[in-house]
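Trainee: Sharing a structure below in structure tokens format, with a few things to ask.
The values are calculated or read from the model by the stated rules, or taken from the named source; none is laboratory data. Every value quoted in this text rests on a predicted model; they were computed, and no experiment measured them. Here the Cβ is made from the backbone with ideal geometry for all residues, glycine too, and neighbour counts use every protein chain on show. Quick note on the areas: whole protein, heavy atoms, side chains included, nothing else; ligands and nucleic acids left out. Shrake-Rupley method; radii C 1.70, N 1.55, O 1.52, S 1.80 Å.
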Protein chains: 6
Amino acid sequence: MTNGHLDVITRAVKLFDEVVVAVAHNDQKQGLLTTEERVELLKNTTSQIPNVRVTQFDGLLVNFALKLEATAVIRGLRAISDFEFEFQMALMNRKLEQSIETLFLMPKEEYTYLSSRIVKEIARLGGNVEAFVPGVVAESLREKFTLG
Amino acid sequence: MTNGHLDVITRAVKLFDEVVVAVAHNDQKQGLLTTEERVELLKNTTSQIPNVRVTQFDGLLVNFALKLEATAVIRGLRAISDFEFEFQMALMNRKLEQSIETLFLMPKEEYTYLSSRIVKEIARLGGNVEAFVPGVVAESLREKFTLG
Amino acid sequence: MTNGHLDVITRAVKLFDEVVVAVAHNDQKQGLLTTEERVELLKNTTSQIPNVRVTQFDGLLVNFALKLEATAVIRGLRAISDFEFEFQMALMNRKLEQSIETLFLMPKEEYTYLSSRIVKEIARLGGNVEAFVPGVVAESLREKFTLG
Amino acid sequence: MTNGHLDVITRAVKLFDEVVVAVAHNDQKQGLLTTEERVELLKNTTSQIPNVRVTQFDGLLVNFALKLEATAVIRGLRAISDFEFEFQMALMNRKLEQSIETLFLMPKEEYTYLSSRIVKEIARLGGNVEAFVPGVVAESLREKFTLG
Amino acid sequence: MTNGHLDVITRAVKLFDEVVVAVAHNDQKQGLLTTEERVELLKNTTSQIPNVRVTQFDGLLVNFALKLEATAVIRGLRAISDFEFEFQMALMNRKLEQSIETLFLMPKEEYTYLSSRIVKEIARLGGNVEAFVPGVVAESLREKFTLG
Amino acid sequence: MTNGHLDVITRAVKLFDEVVVAVAHNDQKQGLLTTEERVELLKNTTSQIPNVRVTQFDGLLVNFALKLEATAVIRGLRAISDFEFEFQMALMNRKLEQSIETLFLMPKEEYTYLSSRIVKEIARLGGNVEAFVPGVVAESLREKFTLG
């Protein structure tokens, strides 16, 4: 979770009644943080933003959106490579479930080129990532890489 | 106005209370159709869609959006070249007016590669553009190019 | 193998005397399906298309093309990310073997954003992929993920 | 007409029985050269290549292709911006006429970034364009800009 | 001339002994400002930056670079569409003159999506462009559009 | 290391007093060659180029650049996908250390589409990669894949 994600959430709450931040739970691919840790970090960083709920889900995003009776999925759009993948995802989600629309929002331009992959690499090499991610995430990355 | 634009409007009305289709009036650049003709065509093609209003405006889009007390500007996103220009526009509009957010929607994939420039060129060469634009627009283009 | 691949094969047979669908055999990277399973699925899905032969090969594609006395390699071109990789492959193949030309064909636009990676992910999560791949492939993915 | 176009023609004749180089005649947009001059230059530069015919046409390309009983339209694919436009054109042509397929060929990589717009600009400024276009085209540009 | 150009100049002076800002003079295409006005604006905005010289030139950029005994041409690189055009220009310049290398620098990310075309359009519509261009340029645009 | 990298180094030495080729040492990801083997190959292939030093480093590139009192990081820019990643890296490096600028150089156009991933794949399949990489690298790849 980078400052770019946080920025997109902040913008989304101004446009919609409720925003649910949905963290995909993946049995097979264990990332640097567990799903629970991710949810916890997101709850911490969004605790001051009204009308935001953080939750995890299993299975397909569109099914979860249906269950929540959401009208739209919101995604941040950064750069070109993003665009391709986001377009594919959105069109496939539309094929899977016609009633769920995908909406794209732009993060602040200084977050446009934030890549969570590069942030992780900088943290791994001992660099300071506080310009890129919320404080609690920076701290969490620091712990992981010091212990790991 | 292509079927892609119409598709984006249809999707937008499902997400927002009211959708205003805003046609920029440009003194200096006279297109194939006048602003009034554009507004008329848009009114015809959207007359069956609830909660849509078609109108023209002068000056900056963000100022018009402020006047309407709109919360967001909605744009259709098609392909890569689009993306660049749309991104520039959206970031500049944000600089001009922080309170107006730009939201992007994808048209149906069969409209993804519709280009109004190529549609116009096909019409000019006598081709049938009914697969690309609403019927009244096709007719209007036919008239223009037969008379012009 | 998605509907996009099938669409490209169908278009290719109209242009050339014989089309060989060549499945690369890779010792090192075992995908979801074995090479033999892939060949079998392709044979099933292309059995109604005349002048198509499905076969597997080892080593470099250009060497296999030479052995078949093929005049061209045909590739489907979808979106931008594709384009980069396809261009690199085609130029490198040309360097390796001047006499083999690479030709690109566009799949139907509704297949433009089909990504086999996302299809696999949807299948893994229990989603219905019948809109994206031929029936026998959907069934095969279902079996794999139910058993796996 | 650049060396890139010539390179694509040379590659196409190896793959197909006959290649027709079709120059669009445009009443409204008079380029640097007339349609007749273009045809003449193309005839000169392709005179040594077997099975090539140069001709001009009016109206839609797909209609001309139908009249010629062509099976495919061949286009050179260079870089990304190309790709977008070429994709749009090819999909629109397919909509206009299902039976005509568009095939893409890559020019030699040293021609990949050749832009006829930049070549023209270099010629206008008195630069030597012989590295970019066939000799007769370079000469013709030189004459145009010296007289013009 | 946008804040992005100014940012690139400021970065370039830190890397090279002398930076020459070269304004192309074009007889045929008269922009909003004359070449002399452009040079004057650039002189004003760069007057505080050491080792910068502003000058105009005729003909090919590489010839002018040779005359100045420059070792490299420096260009700002913003977004994708830029990249294509810049690549074409740089490769063609290299073909015209092997000894001149083109170097690319990135402007600050908040200038990444600045488009002089959109800035001009905003100014034409009476918008405030002071966030996008240096003060004297904003003033100059205001005058042009008030009088014009 | 491909011919493209070598080409960029050759261009860089003409512009700067000293060029340091810095090989990142990565504990965690063991590539086909060890860091030491990479350094050795680079020393062999650059031994004839004046003012080039090859060395390895740990940690963040910007910290290493600071230690060397370098004024700029030089990167080769090839194609679009490159561009995105390079832009992200350069902007992040700038955030980490303001005083280090990233400069981009274009390799010769015939190296534009060289991908080290595809080169490695060709070598693995027994293909001849001498057109793509320096002789000693080709030999080294051949040995690796014959023994491996």
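Trainee: Do any of A:Lys108/B:Lys108; D:Lys43/E:Lys67; E:Lys14/E:Lys120; C:Lys108/E:Lys95; C:Lys95/F:Lys43 go past 32 Å between their Cα atoms, and which?
Mentor: Those over the limit are D:Lys43/E:Lys67; C:Lys108/E:Lys95.
Trainee: How large is the accessible surface of D:His5 in square angstrom, using a 1.4 angstrom probe and rounding to the nearest 10?
Mentor: 90 Å²
Trainee: With the radius of gyration and the Kirkwood radius both derived from the Cα set of chain F, what is their ratio Rg to Rh?
Mentor: 0.95
Trainee: Quick one: pull the percent of accessible area on the stretch A:59-120 belonging to carbon and sulfur, 1.4 Å probe, ligands and nucleic acids left out.
Mentor: 48 percent
Trainee: Still on this structure, please answer the following. Net charge near F:Val19, counting Lys/Arg +1 and Asp/Glu -1 over other residues with Cβ under 11 Å of its Cβ?
Mentor: Every neighbour counted, the sum reads +1.
Trainee: For chain F, with the dipole built from +1 on Lys and Arg beta-carbon atoms and -1 on Asp and Glu ones, taken about the Cα centre, which of F:Ser115, F:Gln98, F:Leu60 lies farthest toward the positive end?
Mentor: Comparing the listed Cα positions along the dipole, F:Ser115 ranks first.
Trainee: Hey, can you list the DSSP H helices of chain C whose Cα span along the axis is 27 Å or longer and whose average Kyte-Doolittle score is at least 1.6?
Mentor: Within chain C not a single helix satisfies the rule.
Trainee: Can you give the FRET efficiency to the nearest 0.05 for F:Glu130 and C:Gln28, using r as the Cβ-Cβ distance and R₀ = 30 Å?
Mentor: FRET efficiency, F:Glu130 to C:Gln28: 0.85.
Trainee: Tell me, what ³J(HN,Hα) does each residue in the stretch B:61-72 have, in order and in whole Hz, if you take phi through Karplus 6.51 cos²θ - 1.76 cosθ + 1.60 with θ = phi - 60° and put x for Gly and Pro?
Mentor: 4, 5, 5, 5, 4, 4, 4, 7, 6, 6, 9, 8
Trainee: Taking N as the number of residues in the protein assembly as shown, what is its Cα Rg relative to 2.2 N^0.38 Å?
Mentor: Rg over 2.2 N^0.38 Å, computed on Cα atoms: 0.97.
Trainee: Determine the calculated [θ] at 222 nm for chain A from helices alone, applying -39500 (n - 2.57) to every DSSP H run no shorter than 4 residues and normalising by the residue count; nearest 500 deg cm²/dmol.
Mentor: -15000 deg cm²/dmol
Trainee: Calculate the mean, over all residues of peptide C:94-104, of how many other protein chain Cβ atoms lie within 10 angstrom of the residue's Cβ.
Mentor: 5
Trainee: Can I ask one more? What is the sum of charges, Lys and Arg at +1 and Asp and Glu at -1, for the other residues whose Cβ falls under 9 Å from the Cβ of B:Val129?
Mentor: Spelling it out: positives minus negatives among the neighbours equals +1.
Trainee: Okay, next question. Identify, for chain B, the residue whose C-beta comes nearest the rotation axis onto chain A, and round that distance to whole Å.
Mentor: Residue and rounded Å distance to the axis: B:Phe104, 2.
Trainee: Report the FRET efficiency, 1/(1 + (r/R0)^6), for B:Lys67 and F:Glu143, where r is their Cβ-Cβ distance and R0 is 56 Å, rounded to 0.05.
Mentor: The pair B:Lys67/F:Glu143 has a calculated efficiency of 0.20.
Trainee: I'd like the accessible area for E:Thr34, computed on protein heavy atoms only with a 1.4 Å probe and all protein chains in place. Round to 10 Å², please.
Mentor: About 50 Å², rounded to the nearest 10.
Trainee: Using a 1.4 Å probe on protein heavy atoms only, how many Å² of accessible area do E and B hide from each other, summed over both chains and rounded to 100?
Mentor: Summed over both sides, the interface buries about 1500 Å².
Trainee: Also: Across peptide B:113-125, how many C-beta atoms of other chains are within 10 Å of each residue C-beta, on average?
Mentor: So the per-residue partner count for this stretch is 4.
Trainee: Related question: Could you tell me what percent of the accessible area of the stretch E:1-43 is made up of carbon and sulfur, with a 1.4 Å probe and every protein chain present?
Mentor: After summing per-atom areas, the C and S share lands at 48 percent.
Trainee: In Å², what does the accessible area per residue of the protein assembly as shown work out to with a 1.4 Å probe?
Mentor: 49 Å²
Trainee: Determine the shape class of the stretch A:1-88: with a ≥ b ≥ c the square roots of the Cα gyration tensor eigenvalues, call it rounded for a/c under 1.5, and otherwise prolate if a/b is greater than b/c, oblate otherwise.
Mentor: rounded
Trainee: Assuming R0 = 41 Å, can you tell me the calculated FRET efficiency for the pair C:Glu18 and D:Asn44, based on Cβ-Cβ distance, to the nearest 0.05?
Mentor: The calculated FRET efficiency here is 0.65.
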